[in-house]
Amino acid sequence: MQLRDCHNFHDFRALARRRLPRPIFDYIDGAADDEVSHRRNTTSYERCDLVPNVLRGVENVDLSVTVLGQRLAVPFYCSPTAVQRLFHHQGERAVAAAAAGCSTMFGVSSLGTVDLEELRSAHRGPQIYQFYFHKDRGLNRAMLQRAKDAGIEVMMLTVDSITGGNRERDLRSGFSIPFKLTLPGMAHFAIRPRWVWDYLTHEKFRLPQLDEHVRMEGGAMSIGRYFTEMLDPSMNWDDVAEMVRLWSGQFCLKGVMSVADARRAVDIGCTGIVLSNHGGRQLDGSRAPFDQLAEIVDAVGDRIDVIVDGGIQRGSQVLKALSLGAKAVGVGRYYLYPLAAAGQAGVERALALLRTEIERDMKLMGCTAITQLSRDNLRFH
């Protein structure tokens with residue numbers, strides 16, 4: 001299979017599986033416990049049907065949206081995800097360039113592998129900076145200030161990861177950051193020589209957003225250990241309210257899943273919330289974001305931007321989320337598989353395919369603008 005043979009999410013996933021060593025593929029692909037929530041994130045859309053209208057004159061379709069104060073040409077953006085240069089040596093550079101080419105927003109994780117300043121200077125489109133709340137309050141303030149100095153438009157605090165999820169695939173493979181080759185895992189890498197060559201012949205793996213605060217020279221740190229040792233489980237609404245005040249701009253909470261929490265986010269001055277269960281990687285058995293969307297939109301949708309993130313594999317699923325009231329959707333694995341498969345070219349192809357699907361489905365729905373989508377076009381079963 002080649003990149004030109006990839007026409008959907010599953011094709012990109014299959015190509016990534018062929019290219020990546022098994023432990024790294026499993027890090028992208030896996031989730032917590034029995035991975036129930038991970039599967040639900042996508043299957044939840046199957047309980048919702050679209051009801052199209054016809055004869056509406058759909059020659060020209062406008063896919064643009066405004067979310068978190070940013071004008072996007074498409075109703076989706078690339079969510080911030082960690083350690084991207086493990087998947088392909090281009091990492092965040094590839095995703096940023098592809099997002100810019102699609103005129104949409106992209107996110108940089110505090111566990112990202114390219115300096116946020118480099119990405120900000122290379123691409124002037126809207127950019128999110130995602131961070132975790134650390135026990136070191138000075139580190140939290142420094143991360144906020146660094147992002148502000150770089151000209152980041154949107155700050156996104158992940159609130160569902162005060163401790164690491166039970167990601168058993170990672171436990172079995174010994175996955176860590178930076179990746180540490182172990183004798184038992186050598187066979188997985190030996191059969192993926194292209195990945196090994198790329199990893200060894202390009203710039204050294206690092207976490208530049210944390211370089212000044214986290215020292216890993218003495219050994220690799222597992223993802224679970226990072227969450228357990230460095231993140232602050234005492235984080236509360238007062239802490240977040242202080243960060244919202246310090247940022248004094250577009251501030252979004254990622255990982256909100258209840259109406260009560262959505263209302264609190266409004267009360268402390270957040271401008272957006274992302275409904276997310278972290279791709280099923282944290283609390284297994286939690287509801288799918290799409291299943292929580294309607295009641296949260298009904299509760300706070302007129303006061304805050306509500307975004308849904310998790311399980312998106314098709315343009316029709318994007319339309320379902322928008323019809324329920326989401327302002328936009330975030331995608332993660334959707335672009336990580338093509339990144340792993342083919343770098344920037346892969347991400348560009350994946351985003352172009354999603355845009356084409358959405359435009360085609362909008363025409364088939366009888367809609368020429370995102371604002372024309374509504375719950376009248378949906379039926380649940």
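What follows draws every value from the coordinates through simple rules; no lab data is involved. None of these values were measured; they are calculated from a predicted model. Ideal geometry is used to build each Cβ from the backbone, glycine not excepted, and the neighbour counts take in all protein chains shown.
So the values come out like this:
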read-out	value
Lysines with Cα under 26 Å of K204, excluding same-chain neighbours fewer than 8 positions away	K180
Leading residue at positive end of dipole, the chain (Cβ point charges), from G346, Y335, T371	G346
Shape metrics for the range 98-156, restricted to C-alpha atoms - Rg then Dmax, Å	11.6, 37
With eigenvalues of the C-alpha gyration tensor scaled by 5 and rooted, the range 277-346, Å	25, 15, 10
Values of log10 I(q)/I(0), in the order q = 0.14, 0.15, 0.27, 0.32 Å⁻¹, for the range 333-372 under a Debye, Cα-only, solvent-free model	-0.40, -0.44, -0.77, -0.94
Nearest-20 debye value, the range 3-380 charge dipole, Cβ charges on Lys, Arg, Asp, Glu	800
Cα extents of the range 306-365 along the three principal axes, largest first (Å)	33, 24, 14
The chain - share of DSSP beta bridges that are antiparallel (%, nearest 5)	20
Ratio Rg/Rh, restricted to the range 61-172 and using Cα atoms, in which Rh is the Kirkwood radius	0.99
Whole-Å distance, taken between Cα centres, linking the range 42-85 and the range 115-131	22
Listed residues A326, L3, L72: farthest to the positive end of the dipole of the range 3-380 (Cβ charges)	L3
Set of aspartates and glutamates near K320 by C-alpha distance (under 18 Å), chain-local residues within fewer than 8 positions excluded	E46, D49, D62, D291, E295, D298, D305, D309, E357, E359, D361, D376
The chain, relative contact order in percent, only Cα pairs under 8 angstrom and at least six apart counted	30
For the range 3-380, with +1 on Lys and Arg beta carbons and -1 on Asp and Glu, the positive-most of C252, G269, S44 along the dipole	S44
Viscosity 1.002 mPa s, 20 °C: Kirkwood-radius Stokes-Einstein D of the chain over Cα pairs, µm²/s	102
